[in-house]
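**Student:** One structure, pasted below without further comment.
The values are calculated or read from the model by the stated rules, or taken from the named source; none is laboratory data. These numbers come from a predicted model, not from an experiment. Methodologically, a virtual Cβ is constructed for each residue, glycine included, from the backbone with ideal geometry; neighbour enumeration extends over all protein chains shown.
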Amino acid sequence: MKKLLFAIGAALLTHSAKADEGMWIPSLIGKNYEEMKRLGLKLSKDDLYNINNASLKDAVVQFGGGCTGEIISSKGLLLTNHHCGYGAIAALSSVEKNYLDNGYWAKSMSEELPAEGITALFLQNISDVTEQINAAVGNAQGDEAAKLMSEGIKKIEKEASNSGKLVANVKEYFNGNQYLLLTYKRYTDVRFVAAPPKSLGKFGGDTDNWMWPRHTSDFSIFRVYAGKDNEPAAYSKDNEPLKPKKYLPVSIKGNQEKDFAMIMGYPGRTNRYEVSYGIDLALAETNPAIVDIRTERLAIMKKHMDADKSVYLKLTSRYASIANYWKYYIGQTEQLKRLKVVEQKKAEEKIFSQWSADKKAGYDNLMQQYEKMYADYKPYAKHATYYSEAFRASCLARIASAVEPLEKVLRTSPVKDSIDKYVKVLKMARSMNMKDYDPATDKDLFAAMSKMYYNNVSKNQLPDIYQEVILGKDDQDASNELFQAYTKYVYKNTCLLDSAEFESFCTKPTLSAIKRDPALQYAISFVRNFESNYLPKIESMNKQKKDLSKQYAKGLMEMKKGQLFYPDANSTMRISYGQVLAYAPQDAVMYKHFTTLDGLLAKYKAGDDEFDLPQDLMQLHQKKDFGQYADADGSIHTCFITNNDITGGNSGSPVINANGELIGCAFDGNWEAMSGDIAFDKKYKRTIVADIRFILFLIDKMGGAHNLITEMDVRK
């Protein structure tokens, strides 16, 4: 299998990849190098990825576990998106020192603020371990194969971690046809340096999210600190700014349409191998359920956030996260239908099945197996969505659900070590969730989600708590008043929300105490119903899908042998390349490849939650005080677009020109191509980028943080 994979390159799709399509493994980028040069790249292959010498991969980090950042100075200065730093900035803010709303500009390193919980992972090496994994599994099948694989992966990761000095991850590629080992250094002393006011960093709010034209200055700046030896170290006032192997120079020359553009980052997940039956299910069941639930959650949260600034600061990061993918699923559904992706997939699957039959390749019944698998799963798909999105929407439900394994231990084998273990789990769940707890908001979420669950999940799949307690055996009137009354009772009589009562319970947990607590009984009913009756069905489906997907990937590679393909995104470093490029979203409409400060001011609405602007920016615009950051046309370019292939996780990724210089910070995709995680569309797919000149303009002219500008290698 390994020889086959390397014969066709480092990837896979259901059709031949184009220059702008594909998220390529950096260690294998040589297979694409000639195409990159044709588009304008002036760097060598070793400039992109080199394990022995500094290369661009050393300047790009996984930021905060779910985004990308880039090092932009010799002193560990890090640029990422505003929405990637949003949670850390909100946590550092208070009503009195509201860095989120007002912005923050550290004028010296002494003013930089520790960002608790934020990490920066620097990739050290990528190596192929497929043969070791296959050897560990041998001829085993099913659960035994999964067990041996897990043990083999753990062994490889342990050996590669260098006694814990490195983070080692074995990742699956090509749906299990290849495995790569990636090692990282994890830096945990990361400090907040600068960000614009939220009115700029989140300009346009939900209205402009996933849209072009865009004018958002979606950036924030942090700094990575290290111990005296430049190695990772816990926070200490004695730590020093990281001396990076590589940092990105910054170009303020500007860009023109069709200029080369490259993105390096950590794209999260794509599912471009998905078959037509899976997309049908998403369109019919999963996506609409997610949108309905999140619409209600967001409305409840916004009501309370608008009423109280302290509640807003507490909940704003979670709200932003929920809202982002609420709109994403709306757009994905719309575009999958508009672009007729199901029909395209069916046509591709028909070709694949015919090829298999003609060549006697052994995949003739693969699509029939897929069809049956999804048909069997469909009755439970909505339940699975409501369990994760609705039941777990309130803090109380998330905390209470952590008591189920403790209750089971107390009921079956009350050994002290096991009890202590699950008490610790419960305490951790409470500690994590109470950070987001607002009593009034949580009660409204609990009541509304309990009712939505009852109204939308099949009645024969509901947990017993509905008929035993909430509604009663003869009461089918699921009114708002009934759920509100039940919610009031639960919150008044649980031990989970009062610290003293909670500690008392944890000191001596008993079955009788659990039975008396309505929040615990509520959660146990949901968890046990789901895990006993539906989780096994879901796990069985996932195992079957994994096996089918591996076969499909292998078959596609055999059918298209000799072509250059790429793998689905899986939160590991990738390179995508293309051009700065305009597009036509519909008949008689043409979008330019850039936006300007004039366009930003044209959207201004005084006092509006999404389109307000700081007065000092408006004054700079009025004076045309643009300094060295104006384009040749005399205006400030705020954002631009490229046809690079990205997805969630690429947020904050550097957009790099042909000379290896930073020209912008990627932060979004466009509405017309929101089917991109499942099917790349060459005509419409665009990456939205904050122009580095706009970012530097705000740092310098509005923030007055000249110290940060002088620290960078700014090239004119």
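**Student:** Could you pull out the residue among 361, 375, 393 that is among the small types (Gly, Ala, Ser), crowded, with 17+ Cβ neighbours inside 10 Å and in contact (Cβ under 8 Å) with a residue 24 or more places away in the chain? It would help to see each step written out before you state the result.
**Tutor:** Working: 361 fails: crowded, with 17+ Cβ neighbours inside 10 Å; 375 fails: crowded, with 17+ Cβ neighbours inside 10 Å.
The unique qualifying residue is 393.
**Student:** Okay, next question. When the stretch 91-121 is examined, which residues are found to be hydrophobic (A, V, I, L, M, F, W, C) and over 24 Å from residue 699 (Cβ atoms)?
**Tutor:** Just the residues of the stretch 91-121 that are hydrophobic (A, V, I, L, M, F, W, C), to begin with: 91-92, 95, 100, 105-106, 109, 113, 115, 118, 120-121.
Within the stretch 91-121, 95, 121 meet the criteria.
**Student:** Working only within the stretch 301-317, note down all residues that are closer than 16 Å to residue 434 by Cα and among the charged types (D, E, K, R). Spell out the reasoning first.
**Tutor:** The initial filter retains those residues of the stretch 301-317 that are closer than 16 Å to residue 434 by Cα, namely 301, 310-317.
The answer is 314, and nothing else.
**Student:** Out of the residues in the stretch 127-153 that are touching a strand residue (DSSP E or B) at 6+ places or on another chain (Cβ under 7 Å) and among the hydroxyl-bearing types (Ser, Thr, Tyr), which is surrounded by the most Cβ atoms within 10 Å (Cβ to Cβ)? Steps first, please.
**Tutor:** The first filter runs over the stretch 127-153 and keeps only residues touching a strand residue (DSSP E or B) at 6+ places or on another chain (Cβ under 7 Å), leaving 127-130, 133, 153.
When the remaining residues are screened for being among the hydroxyl-bearing types (Ser, Thr, Tyr), the result is 127, 130.
Numbers: 127: 14, 130: 21.
Result: 130.
**Student:** If residue 669 passes every condition in (1) in contact with a Pro (Cβ under 9 Å, 6 or more places away or on another chain); (2) under 30 Å from residue 339 (Cβ atoms) but one, which one does it miss?
**Tutor:** With respect to (1) in contact with a Pro (Cβ under 9 Å, 6 or more places away or on another chain); (2) under 30 Å from residue 339 (Cβ atoms), residue 669 is out only on (1).
**Student:** May I pose another question? Given the conditions (1) in a strand (DSSP E or B); (2) free of Cβ contacts under 8 Å to residues at least 60 places away in the same chain, and given that residue 575 satisfies all but one, which numbered condition is not satisfied?
**Tutor:** Evaluating residue 575 over (1) in a strand (DSSP E or B); (2) free of Cβ contacts under 8 Å to residues at least 60 places away in the same chain leaves (2) as the failure.
**Student:** Another question about this same structure. In the list 230, 287, which residue meets the criterion of being in contact with a Leu (Cβ under 8 Å, 6 or more places away or on another chain), of a type outside the set (A, V, I, L, M, F, W, C), without any contact (Cβ under 8 Å) to a residue 60 or more places away in the chain and not in a strand (DSSP E or B)? Explain how you work it out, then say what you get.
**Tutor:** Working: 287 fails: in contact with a Leu (Cβ under 8 Å, 6 or more places away or on another chain).
Unique residue meeting the criteria: 230.
**Student:** Related question: Being modelled with pLDDT under 95 and either touching a helix residue (DSSP H, G or I) at 6+ places or on another chain (Cβ under 7 Å) or over 30 Å from residue 413 (Cα atoms) (or both) is true for just one of 476, 461, 484. Which residue is that? Even if it seems obvious, please write down each step before you answer.
**Tutor:** On the way: 461 fails: modelled with pLDDT under 95; 484 fails: modelled with pLDDT under 95.
Going through 476, 461, 484 in turn, just one is modelled with pLDDT under 95 and either touching a helix residue (DSSP H, G or I) at 6+ places or on another chain (Cβ under 7 Å) or over 30 Å from residue 413 (Cα atoms) (or both): 476.
**Student:** Out of curiosity, is residue 320 assigned to a helix (DSSP H, G or I) and farther than 13 Å from residue 436 by Cβ?
**Tutor:** Details: assigned to a helix (DSSP H, G or I): yes; farther than 13 Å from residue 436 by Cβ: no.
Taking the combined requirement at face value, the residue does not satisfy it.
**Student:** What are the residues in the stretch 396-425 that are of a type in the set (A, V, I, L, M) and free of Cβ contacts under 8 Å to residues at least 12 places away in the same chain, if any?
**Tutor:** Here is the first cut: in the stretch 396-425, the residues of a type in the set (A, V, I, L, M) are 396-397, 399-400, 402-403, 406, 409-410, 415, 419, 423, 425.
Answer for the stretch 396-425, where residues must be of a type in the set (A, V, I, L, M) and free of Cβ contacts under 8 Å to residues at least 12 places away in the same chain: just 415.
**Student:** When residue 171 is evaluated against the numbered criteria (1) farther than 17 Å from residue 88 by Cα; (2) not in a strand (DSSP E or B), which criterion, by number, is the only one it fails?
**Tutor:** (2)
**Student:** From the list 41, 13, 48, 121, pick out the single residue that is under 30 Å from residue 676 (Cα atoms), modelled with pLDDT under 95, out of contact with any Cys (no Cβ under 7 Å at 6 or more places or on another chain) and surrounded by 17 or more Cβ atoms within 10 Å (Cβ to Cβ).
**Tutor:** Working: 41 fails: modelled with pLDDT under 95; 48 fails: modelled with pLDDT under 95; 121 fails: modelled with pLDDT under 95.
Only one candidate qualifies: 13.
**Student:** Given the options 188, 183, name the one that is among the β-branched types (Val, Ile, Thr) and touching a helix residue (DSSP H, G or I) at 6+ places or on another chain (Cβ under 7 Å). Full working, then the answer.
**Tutor:** On the way: 188 fails: touching a helix residue (DSSP H, G or I) at 6+ places or on another chain (Cβ under 7 Å).
The unique qualifying residue is 183.
One line per residue, one yes/no per condition, for (1) at pLDDT 95 or above; (2) within 16 Å of residue 519 (Cα to Cα); (3) of a type in the set (S, T, N, Q); (4) under 24 Å from the mean Cα position of the chain (by Cα):
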position	(1), (2), (3), (4)
392	yes, yes, no, yes
406	yes, yes, no, no
412	no, no, yes, no
416	no, no, no, no
427	yes, yes, no, no
434	yes, yes, no, yes
442	yes, yes, no, no
451	yes, yes, no, no
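**Student:** Right, another one. Looking only at the stretch 290-320, filter to residues that are among the small types (Gly, Ala, Ser) and touching a residue at least 24 places away in the same chain (Cβ under 8 Å); which one of those is nearest to residue 569 (Cα to Cα)? Explain how you work it out, then say what you get.
**Tutor:** Of the residues in the stretch 290-320, the ones among the small types (Gly, Ala, Ser) are 299, 307, 310, 317, 320.
Still in the list and also touching a residue at least 24 places away in the same chain (Cβ under 8 Å): 310, 317, 320.
Details: 310: 38, 317: 25, 320: 23 Å.
Selected residue: 320.
**Student:** Which helices (runs of 4 or more DSSP H) sit wholly inside the stretch 360-418 and have at least 2 residues that are hydroxyl-bearing (Ser, Thr, Tyr) and closer than 29 Å to residue 286 by Cβ?
**Tutor:** Values: elements: 366-389, 395-401, 404-412.
Where helices (runs of 4 or more DSSP H) fall fully within the stretch 360-418 and carry at least 2 residues being hydroxyl-bearing (Ser, Thr, Tyr) and closer than 29 Å to residue 286 by Cβ, they are 366-389.
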